[in-house]
Amino acid sequence: MPRKPAKPKNPNWGGARKGAGRKKIGEGVQRIVLFLAPSRIEKLKALGGRDWLNGAIDAAPLPDASTAPERPAKQD
């Protein structure tokens with residue numbers, strides 16, 4: 001079966017343009033990866049997802065150095 005000839009390129013299609021692409025969610029925001037069991041993912045979604053997590057982190061006090069749990073030493 002012969003190939004169809006390519007359509008002529010329309011100058012109004014494709015390419016970089018104003019307003020295109022992923023929208024920014026805030027200045028200085030970084031992405032992290034978090035591994036969760038499927039049941040915890042569903043619970044996080046039910047609680048409100050990113051907005052709930054951000055609120056919970058903001059509301060939590062920073063641990064005092066004397067009360068913070070010790071982290072296990074890194075093993076190579």
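All of the numbers you see were taken from the coordinates with simple rules; none came from a lab. Note that this is a predicted model, so its numbers are computed, not measured. Please note: Cβ atoms are built from the backbone with ideal geometry, for glycine as well, and neighbour counts cover all protein chains shown.
Distance cut-off 32 Å, Cα to Cα: go down the list K4/K24; K23/K74; K23/K43 and report the pairs above it. With Cα atoms farther than 32 Å apart: K4/K24; K23/K74. Between A60 and L47, the simple spin-label model (points 7 angstrom out along Cα→Cβ) gives 0.9 nm.
If you plug the beta carbon distance of Q75 and S39 into 1/(1 + (r/R0)^6) with R0 = 30 Å, you get a FRET efficiency near 0.55.
The residues neighbouring L36, those whose beta-carbon lies less than 15 Å from its own, together hold a net charge of +3 under the Lys/Arg +1, Asp/Glu -1 convention.
Go ahead and set up a Gaussian network model of the chain, Cα springs under 10 Å, then flag whichever of R17, R40, R50 fluctuates most. Between R17, R40, R50, it is R17 that shows the largest mean-square fluctuation.
How far is helix 38-47 tilted, in degrees, relative to the longest principal axis of the Cα atoms in the chain, given as a value from 0 to 90 rounded to the nearest 10? Computed tilt is about 90 degrees.
The modelled label-to-label distance for the pair R3/A16, using points 7 Å beyond Cα in the direction of Cβ, is 2.9 nm.
Taking a straight Cα-Cα cut-off under 22 Å and skipping sequence neighbours fewer than 8 places away in the same chain, the lysines within cross-link reach of K9 are K18.
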